[in-house]
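The values are calculated or read from the model by the stated rules, or taken from the named source; none is laboratory data. Quick caveat, the model's predicted, so the values are computed rather than measured. As a convention, Cβ positions derive from the backbone with ideal geometry for all residues, glycine included, and neighbour counts pool all protein chains shown. With ligands, DNA and RNA removed, areas are computed over all heavy atoms of the protein, side chains included. Shrake-Rupley method; radii C 1.70, N 1.55, O 1.52, S 1.80 Å.
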Amino acid sequence: MTVIPPTLQLTPGGTLYDRIGPEALAELVTRFYALVAQDPDLAPIFPADLTETAEKQRAFLTGFLGGPPLYHERYGHPRLRARHLPHAITPKRGRAWLACMNAALRATPSIAEADAHEMYAALTRVAAHMVNTLSSEEDQKGLHL
């Protein structure tokens, strides 16, 4: 199943990718993966060298936000959920992923606040879709991120 992003606003400034731009997106991804590498819930499911992972994320986000389809061109269809099935993506890890993204968005001053909110809202839906594993504690809480 393909994740279809919520409607990303097209404004006189263009797509969200146009408004953020490739440089700010690259800064965001760099900040994000620095946080992921330090997160005790996320670091165990990521490789020690995050270079390729960050490049794939940048390529994915470029297309997801309305820019060129870099991920599709380089790696094929994202198949996000299928590609992540080998990893236990719990609601707790989904929340940790979103917390890292939120912190990275806040730490990237070249991304306008409204654009950061729009991007975060879209990625919240992606994070919820990626959950594929529940622990017994999370079974009781449900799937809420």
Some residue of the stretch 120-127 being out of contact with any His (no Cβ under 6 Å at 6 or more places or on another chain), in a helix (DSSP H, G or I) and of a type in the set (D, E, K, R): yes
Subset of the stretch 28-66 that is among the β-branched types (Val, Ile, Thr) and either open to solvent by 50 Å² or more (accessible area, probe 1.4 Å) or touching a Lys or Arg at 6+ places or on another chain (Cβ under 6 Å) (or both) - its residue that is farthest from ASP115 (Cα to Cα): THR51
Failed condition for PRO69, given (1) modelled with pLDDT under 85; (2) open to solvent by 40 Å² or more (accessible area, probe 1.4 Å); (3) touching a helix residue (DSSP H, G or I) at 6+ places or on another chain (Cβ under 9 Å): (1)
Helices (runs of 4 or more DSSP H) completely within the stretch 11-102 that count 2 or more residues being under 19 Å from THR124 (Cβ atoms) and out of contact with any Gly (no Cβ under 7 Å at 6 or more places or on another chain): 22-38, 51-64, 80-84
Evaluation of ALA121 against (1) touching a residue at least 60 places away in the same chain (Cβ under 8 Å); (2) in contact with a helix residue (DSSP H, G or I) (Cβ under 9 Å, 6 or more places away or on another chain) (one fails), failing number: (2)
